[in-house]
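Student: Quick one: the structure is below, and I'll ask about it shortly.
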Amino acid sequence: MTEAVDAGAAPLDPLAERRLASDLFNLVWVLLDTEDRTPSQDDAMVHAAHASRWHWGQVGGPEQQAVGEWQCSRVYSVLGRGEQALHHARRCLELSARDGVDDFVVASAHEALARAHAVLGDLDAARAERNAAYAIAVDLDDDDDRGVIEGDLGTLPIPD
């Protein structure tokens, strides 16, 4: 189920829009990996994440839309904006549940929820979501997918 919105403007070519969504998604990762980001780079990272998600809403499927929400959540968590991170993590999980996306994305949604709760200081909720993500990850058939989830979980700011 797509969330395309008719904004009244001429639509972009679908292939160009997919490329734009993907390029913006990748730009966010470059910015996330940038040490000592400036406030302007932080702003660019937020805007690029939202722009990528919007374009995926136009031309992507449920999985791309859910992953877009996950990336928005990650950006806000990294910036210490817990409420926004939690909002997008919840949207990721909602879209995943509604549209039956791959379990990798569902595990990612729980990882995002864990990270957002940790940023907000709710370590009990963070641990519960981390455990939910691990429970899904152990059953993933793809070793690489499992490794990605476990790697992300290993970076959570949750003391044991």
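The values are calculated or read from the model by the stated rules, or taken from the named source; none is laboratory data. Just so we're clear, the structure is a prediction, and the values are computed from it rather than from any experiment. Methodologically, a virtual Cβ is constructed for each residue, glycine included, from the backbone with ideal geometry; neighbour enumeration extends over all protein chains shown. Heads up: the accessible areas ignore ligands, DNA and RNA and are worked out on the full protein's heavy atoms, side chains in. Shrake-Rupley method; radii C 1.70, N 1.55, O 1.52, S 1.80 Å.
Student: Within region 127-142, does at least one residue satisfy the condition of being surrounded by fewer than 19 Cβ atoms within 10 Å (Cβ to Cβ), over 28 Å from PRO39 (Cα atoms) and polar (S, T, N, Q)?
Tutor: Checked region 127-142: at least one residue is surrounded by fewer than 19 Cβ atoms within 10 Å (Cβ to Cβ), over 28 Å from PRO39 (Cα atoms) and polar (S, T, N, Q).
Student: Go through the residues of region 44-65 one by one and say whether even a single one is open to solvent by 40 Å² or more (accessible area, probe 1.4 Å), not in a helix (DSSP H, G or I) and not charged (D, E, K, R).
Tutor: Looking through region 44-65, none of the residues is open to solvent by 40 Å² or more (accessible area, probe 1.4 Å), not in a helix (DSSP H, G or I) and not charged (D, E, K, R).
Student: Check VAL78, VAL101 and return the single one that is without any contact (Cβ under 8 Å) to a residue 40 or more places away in the chain, of a type in the set (Val, Ile, Thr) and at negative phi. Can you show your working first?
Tutor: Details: VAL78 fails: without any contact (Cβ under 8 Å) to a residue 40 or more places away in the chain.
That would be VAL101, the only listed residue that is without any contact (Cβ under 8 Å) to a residue 40 or more places away in the chain, of a type in the set (Val, Ile, Thr) and at negative phi.
Student: Examine region 83-98 for a residue that is out of contact with any helix residue (DSSP H, G or I) (no Cβ under 6 Å at 6 or more places or on another chain) and either part of a loop (DSSP other than H, G, I, E, B) or among the aromatic types (Phe, Trp, Tyr) (or both), and state whether such a residue exists.
Tutor: no
Student: Scan region 1-23 and report the pairs whose first residue is at pLDDT 65 or above and hydrophobic (A, V, I, L, M, F, W, C) and whose second residue is surrounded by 10 or more Cβ atoms within 10 Å (Cβ to Cβ) and not in a loop (DSSP other than H, G, I, E, B), with Cβ atoms within less than 7 Å and a gap of 6+ or a chain change.
Tutor: Every condition considered, the pairs that remain are ALA4/GLY57; ALA4/GLN58; LEU20/HIS55; ALA21/SER52; ALA21/HIS55; ALA21/TRP56; ALA21/VAL59.
Student: Among the residues of region 103-122, write down those that are more than 13 Å from ILE136 (Cβ to Cβ), of a type outside the set (A, V, I, L, M) and either open to solvent by 30 Å² or more (accessible area, probe 1.4 Å) or out of contact with any Leu (no Cβ under 8 Å at 6 or more places or on another chain) (or both).
Tutor: GLY121, ASP122
Student: Restricting to region 143-157, name every residue that is assigned to a loop (DSSP other than H, G, I, E, B) and surrounded by 16 or more Cβ atoms within 10 Å (Cβ to Cβ).
Tutor: So in region 143-157, the residues assigned to a loop (DSSP other than H, G, I, E, B) come out as 154-157.
Once the filter is applied, which keeps residues that are assigned to a loop (DSSP other than H, G, I, E, B) and surrounded by 16 or more Cβ atoms within 10 Å (Cβ to Cβ), region 143-157 yields only LEU156.
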